[in-house]
Structures are given as structure tokens and as C-alpha cells.
Amino acid sequence: MARLKELVGDADVFVQGFRYGSLDRKGLGLQSMLDVAARRNKGIVYVDENCYGPSGPFAERPGWQQIGDAASGASYVMGRSLGFDEGTSVLPPLPVSDMTTGVVGALATMLAIRDRAQKGGSYHVVSSLVAGGAILVDPEVGLYPVEVVQKTFDTFKFAHSSPDQFVSEIMIQVIDGWKRVFPEYLAQDSPFMMSFEDSPWGRMDMLRPVARLDDEDASPIWRNAPVPNCHHDQNITWHDHVARRLPELSY
């Protein structure tokens, strides 16, 4: 904890994905980080990313993508679009709420960094899975008309998804449909793809980063393929006084 607080002491941005308010008792909550910022006389951007957001009766409950999709209504809408009866829900074919939560959090963080540079102060960013999923059904965004949904299914001939499937299973069905209609987009020589020959799984073809800049050298690009969890050797050692205390810890 001492080392973590030392690192945080110099940080511009602190991002945490635990239950709302759960880090307060660890001394890493919003108020504690504002105190750090005040002592060093430089603002901090504190980012909360969680399931339910900062208010309401569920604010302090844990949750992940599937729960957020259910609470926001996204999986309900998905089930109805597939022709299931009222009350039968299906997960979206991509972890949309996960990705939206990250994008909203990142954009808000960049705005906060800009405002800090111009006006000073500290900033609190909040982004949640339920809010990310609710964007999809917001009237200002709007759902696709029924005829567009049907045309999409007719075009790509997706395998029929069901409530018992996990999101990765549904996603594979969607990608298979894309390959049938637009095989050139996902081919090895596609301008949208890039390949690595030396990944731990052998040859790997990946989608290029979407953002492209006029300056090629400044454009984001993958430098290496992803690796399995714990792929790299880690030399983790415990100091004696920490090792002696480990049996006392509870979770």
C-alpha cells in the first residue's frame, strides 16, 4: 500500500474499476486522492468505472458486462429483435457496454486533463456499464427500425442466437456472417487487418487500430501480438515482513 500511494502521489490520472466507494476504506477513495492533490498543489483526475454508476440503490453493488446489459435493457432489446417472447433476453454479440464504458471514460478523462491545464483543479470522471448500455436505447440515439434489423439478418444469415449463449459464442457467429458477405475485409491482405507470425498461438491476424492520422508515424499501430495471461516470466518476491503477515490477511 505504501508503494501504491507513492506511485499515486505523482499520478495525473487514477482509474479504478471496483465497486463505487469500496476503495474509501483503503485510503484510495476520491476524497483521499483530492487530499493528495491538495498537498502536492496539482490536480488529479479520478476515474470511477463500475456497473451502476455513482447513485441509486444499486450503486455499491458489484456487476460486470452481462449484468449491466440486463439492467440497462440492452439484452432485452436483443432478445426481442431475435423474435423471442417478452421477457426472454439475449446478450449483445459484442461486449458493447464494456467498450462504451471505456470509451466514455477515456473521452471524459481527456476533457478533464484539458480543463485542468486551462483552469486548474481536480476532476471526477464517472462511467458505468448500465449507462453505457442505456445509450443504445436512448431516444436521442434510437434503435434501428425493425425492417433494418430484418434486412441485416437476411443479408448476413447469422446463426440464431439464444439466451444460453455466452457473448464470445455469439460474437463468433456474427464474425462468421461478416466473412460470408465481406470476405475481403477480413482476409490476410485486407487493409483493415495486420498479421503476426510469431505469436504464442502461431500466425495471428488482427484488426488494425481504427484511428488513423495524417501523420503515419503518429498513428496508433500494434507492435506485437497479444499473449496469454501470465505469459511473461515475473520475478515477484516478498519481503520478510510482508511474508510473515500473509497468513493474517483475509479476503
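Quick check on region 103-122. Is at least one of its residues out of contact with any His (no Cβ under 6 Å at 6 or more places or on another chain), open to solvent by less than 70 Å² (accessible area, probe 1.4 Å), assigned to a helix (DSSP H, G or I) and among the acidic types (Asp, Glu)? Scanning region 103-122, I find at least one residue that is out of contact with any His (no Cβ under 6 Å at 6 or more places or on another chain), open to solvent by less than 70 Å² (accessible area, probe 1.4 Å), assigned to a helix (DSSP H, G or I) and among the acidic types (Asp, Glu), so the answer is yes. If you go through region 202-214 and pick out every residue that is surrounded by fewer than 11 Cβ atoms within 10 Å (Cβ to Cβ) and either hydrophobic (A, V, I, L, M, F, W, C) or under 9 Å from ALA225 (Cα atoms) (or both), you end up with 3. For the structure I just gave you, tell me whether GLY79 is more than 22 Å from ASP35 (Cα to Cα) and either open to solvent by less than 30 Å² (accessible area, probe 1.4 Å) or modelled with pLDDT of 95 or more (or both). Yes. Pairing each residue of region 7-28 that is touching a residue at least 12 places away in the same chain (Cβ under 8 Å) and open to solvent by 30 Å² or more (accessible area, probe 1.4 Å) with any residue that is assigned to a strand (DSSP E or B) and not aliphatic (A, V, I, L, M), provided the two are 6+ apart or on different chains, yields C-beta distances under 6 Å for GLY17/GLU49; TYR20/ASN50.
If I ask for residues that are free of Cβ contacts under 8 Å to residues at least 40 places away in the same chain, open to solvent by less than 70 Å² (accessible area, probe 1.4 Å) and either touching a strand residue (DSSP E or B) at 6+ places or on another chain (Cβ under 7 Å) or not aromatic (Phe, Trp, Tyr) (or both), which ones from region 154-181 would you list? THR155, ALA159, SER168, ILE175, ASP176, GLY177, VAL181 - these are the residues of region 154-181 that are free of Cβ contacts under 8 Å to residues at least 40 places away in the same chain, open to solvent by less than 70 Å² (accessible area, probe 1.4 Å) and either touching a strand residue (DSSP E or B) at 6+ places or on another chain (Cβ under 7 Å) or not aromatic (Phe, Trp, Tyr) (or both).
Exactly one residue among ASP35, ASP48, ASP10, ASP85 is under 14 Å from the mean Cα position of the chain (by Cα) and charged (D, E, K, R), and that residue is ASP48.
Checked across region 30-38, the condition of being assigned to a loop (DSSP other than H, G, I, E, B) and in contact (Cβ under 8 Å) with a residue 12 or more places away in the chain holds for no residue.
The values are calculated or read from the model by the stated rules, or taken from the named source; none is laboratory data. Everything numeric in this text was worked out from a predicted model, so none of it was measured. As a convention, Cβ positions derive from the backbone with ideal geometry for all residues, glycine included, and neighbour counts pool all protein chains shown. Accessible surface is based on the protein model in full, side chains and every heavy atom, while ligands, DNA and RNA are left aside. Shrake-Rupley method; radii C 1.70, N 1.55, O 1.52, S 1.80 Å.
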